[in-house]
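Novice: Before I ask anything, let me first share the structure, which is written out below as structure tokens.
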Amino acid sequence: MKLKTHSGAKKRVKITGTGKYIVDKTAKKHLLKDKSNKAKGRDAYGRVLHVTNQLEARLSLPYGR
């Protein structure tokens, strides 16, 4: 039986070449005029998913996109 990839996870989680799970930082889609350039710059790059959440991500992405 084929496993299905969770559609929400495939939009939000990326797997690096070394096997780390990368997710985007929050709070960068709206209300940007109220945030300083420094705050917007801090949110520019993704972050590595914490170890405790990696199992859930791995199960949601069975084929390692």
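Only the coordinates and a few stated rules stand behind these numbers; no lab work does. A quick note: this is a predicted structure, and the numbers were derived from the prediction, not measured. Note that each Cβ is placed from the backbone with ideal geometry, even for glycine, and that neighbours are counted across all protein chains shown.
Novice: Choose one of G8, Y63, H30: the residue whose Cα lies farthest towards the positive end of the charge dipole of the chain (beta-carbon charges +1 Lys, Arg; -1 Asp, Glu; about the Cα centre).
Specialist: Farthest towards the positive end: H30.
Novice: Hey, another quick one. Can you classify the chain as rounded, prolate or oblate using the Cα gyration tensor, where a ≥ b ≥ c are the square roots of its eigenvalues, rounded means a/c under 1.5, and otherwise it's prolate if a/b beats b/c and oblate if not?
Specialist: Prolate is the answer for the chain, as a/c is 1.5 or above and a/b outweighs b/c.
Novice: Filter the cross-link list K4/K25; K11/K35; K14/K35; K4/K35; K11/K33 down to pairs whose alpha-carbon distance in this structure exceeds 30 Å.
Specialist: Pairs exceeding 30 Å: K4/K35.
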